[in-house]
Amino acid sequence: MKKVFEYFRLFMIEAATNKIAFFWTLVLPLTFMIVNSMDWFGSPPENYISILAAYWAYLVLITSMNGVGMGLLVYRDNGFLKMFSFLSGSHQPVVLGKIMAQYVFMVVNMLVFTIVVSLLFRLDLLMVLGVGMLTAFFLSIPLFFLALVVPILPVKETAIAPLFSLVIFGFIFFAQMDIRNAMLENLHSILNPAVFLRDSTIGFYQLLSSAEISVSV
């Protein structure tokens with residue numbers, strides 16, 4: 001466990017000083033959210049949580065796929081993964097340290113994003129924070145481990161990095177489409193992780209809303 005913590009500290013420093021990752025995971029989605037939701041300053045729409053869910057899905061996907069998957073692929077290509085594994089006696093502490101660091105990085109970004117958006121548009125801060133953190137704590141874990149498939153692919157990082165970014169944006173784009181065919185909708189839900197994140201997030205919101213109503217009654 002000590003080895004995992006040492007790698008966690010190393011990768012946490014790397015994540016905190018990576019300005020490009022900071023731009024893609026916080027600055028870009030926050031800018032898009034504000035620019036595309038100027039009418040929210042008057043009155044937020046009733047389905048605001050489904051819109052926020054799309055941005056949270058982006059944060060989870062970009063961090064898991066790029067931060068964990070592509071990050072480990074880069075280490076593999078430049079020999080650092082092999083070196084770290086040799087020093088620690090196994091690749092497991094390296095992988096777990098990377099996942100933990102990117103997970104904390106994602107949670108911090110989601111907190112900042114959610115608090116800023118809630119305060120700007122006068123949303124129910126506690127409710128939105130609750131839903132956002134449930135998404136971060138429970139829905140992101142499977143995707144972080146799914147991203148471990150990336151570093152075992154027989155390709156170079158330079159060959160698939162642009163493709164991965166396009167795939168992530170494609171997931172988010174198609175998640176917003178209204179599919180009326182039941183079979184296609186079920187297939188879409190299975191194949192598109194952004195749909196899984198969005199629908200589960202909405203489920204968390206409905207659960208917390210029901211609990212809030214029960215308590216008030």
>> List the residue ranges in the chain for DSSP H helices whose C-alpha atoms run 18 angstrom or more along the long axis and whose Kyte-Doolittle average is 1.0 or above.
In response: 48-61, 92-120, 157-175
> Using 0.36 nm per residue, how much length does the chain from Leu153 to Ser200 gain when fully extended, once their Cα-Cα distance is taken away?
Replying inline: 14.0 nm
>> Viscosity 0.692 mPa s, temperature 37 °C: give me the Stokes-Einstein translational D for the range 52-137 in µm²/s, with Rh taken as the Kirkwood radius over C-alpha pairs.
In response: 230 µm²/s
> Which of Thr17, Thr63, Thr114 moves most in a GNM of the chain, Cα contacts under 10 Å?
Replying inline: Thr17
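The range 20-102: percent of C-alpha pairs farther apart than 16 Å?
I get 62 percent for the Cα pairs in the range 20-102 exceeding 16 Å.
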>> Using only alpha-carbon positions, what ratio does the radius of gyration of the range 66-186 give when scaled by 2.2 N^0.38 Å?
In response: 1.31
> Going 7 Å from the Cα of Phe5 in the Cα-to-Cβ direction, what parts of the range 86-108 have a backbone nitrogen less than 20 Å from that spot?
Replying inline: 87-105
> Contour minus end-to-end for Asn186 and Ile13, with contour as 0.36 nm per residue of separation and end-to-end as the Cα-Cα distance?
Replying inline: 58.2 nm
>> Tell me which of Val107, Leu125, Ala175 sits at the most positive position along the dipole axis of the range 87-217, charges placed on C-beta atoms (Lys, Arg +1; Asp, Glu -1).
In response: Val107
> Please identify the GluC sites (Glu not before Pro) of the range 3-67 that satisfy two criteria: DSSP loop assignment and at most 13 other Cβ atoms within 10 Å. Which are they?
Replying inline: Glu46
> What does a probe at Val74 reach in the range 83-98, counting residues whose amide N is under 19 Å from the point 7 Å along Cα→Cβ?
Replying inline: 83-85, 94-98
>> Give me Rg/Rg_expected for the chain, where Rg uses Cα atoms only and Rg_expected = 2.2 N^0.38 Å with N residues.
In response: 1.09
> At what distance in angstrom do the alpha carbon centres of the range 101-120 and the range 1-77 lie from each other?
Replying inline: 8 Å
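How high is the relative contact order of the chain? Use alpha-carbon pairs under 8 Å, at least six apart in sequence, and give a whole percent.
31 percent
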> Let a ≥ b ≥ c be the square roots of the eigenvalues of the Cα gyration tensor of the range 122-196; is it rounded (a/c under 1.5), or, if not, prolate (a/b larger than b/c) or oblate?
Replying inline: oblate
> Between Ser209 and Arg122, what FRET efficiency comes out of the Förster formula 1/(1 + (r/R0)^6) with R0 = 25 Å and r the beta carbon distance, rounded to 0.05?
Replying inline: 0.90
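Taken together, the values in this text are just the output of simple stated rules run on the coordinates, not laboratory data. These numbers were taken from a predicted model, which means no experiment stands behind them. FYI the Cβ positions are ideal-geometry reconstructions off the backbone, even for glycines, and counts take in every protein chain you see.
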